[in-house]
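Input: a single structure, listed below in structure tokens.
Here, each number is a calculation from the coordinates, and none is a lab measurement. Everything quoted here is computed from the prediction, not taken from an experiment.
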Amino acid sequence: MIFETRCAGCDKPGAPICTTCRFALLGPAPRPSPHGVISAVPFTGRARSIVLGWKYRNRRAVSRHLAGLIVNRLIETRAQHDVDMVTWAPTSTKRRRERGFDQGELLARAVARQLGVPCRRLLDRDASASQTGRTRAERLDGPTFVARPGLDGVRVLVVDDVVTTGSTLGAAAAALGDRGAVACLAAVASTPDRRIAEVVPMRRHAAASAA
Ligand SMILES: [Zn+2]
């Protein structure tokens, strides 16, 4: 079996992310999502293809590139020095088993390396909350987490791949806050706000639907 390097975005043989796809990732940052999540790119068009392709191809190289996009946004917002530690919101055991890895963890490790700070697993899914003690609405709102103790005053950057409602990262921030940590939240891509999606130029619509 030959493992040929192909672009995560368009499947072209060659680099893990081809030049065309790299350029497609450059652009203004999306507006911060609910819960104040900083995201690098909108989850549309090529960016969407790359994030989806990341699961299947060149994980390490693509993680590094996507981590770089997050770090660049942090530098733009001058937040890159306000991070003592990087972590991720762990995915469910089921999803991890299906994929064989946790995308959030790969990303967190790559971001931490680029920022020169440690990466630690600080969060666990709150299993007790998943079945009992929560209303149906709360369950639908996303997972809850428990953070490791001893984080008083520690500035923690929590990263994730795609942010939609921000409820997962928001829950991560709440759990870290319970331990006295100060959380900063970032994602590679954010799904566009529906109200904004209605006014994006036609060309962007075409690119998104072609993806
Ligand atoms: Zn490409």
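Sequence-distant or interchain residues sharing an amide H contact under 5 Å with ILE38, placed H: which?
LEU185, ALA186, ALA187
Output ³J(HN,Hα) for the stretch 20-29: one whole-Hz value per residue in order, computed from phi by the Karplus curve 6.51 cos²θ - 1.76 cosθ + 1.60 with θ = phi - 60°, and x for Gly and Pro.
Along the stretch 20-29, the couplings run 4, 5, 4, 5, 5, 7, 8, x, x, 5 Hz.
Dividing the convex hull volume of the Cα atoms of the stretch 1-66 by its residue count, what figure in Å³ per residue is obtained?
Dividing the Cα hull volume of the stretch 1-66 by its residues yields 86 Å³.
Please give the direction-averaged projected area of the C-alpha convex hull for the stretch 19-196, in square nanometres with one decimal.
10.5
Only bridges whose two residues both fall in the stretch 19-196 count here: according to DSSP, what percent of them are antiparallel, nearest 5?
That works out to approximately 20 percent antiparallel.
Based only on Cα atoms, what Rg/Rh ratio does the stretch 36-75 have, Rh being taken as Kirkwood's radius?
0.98
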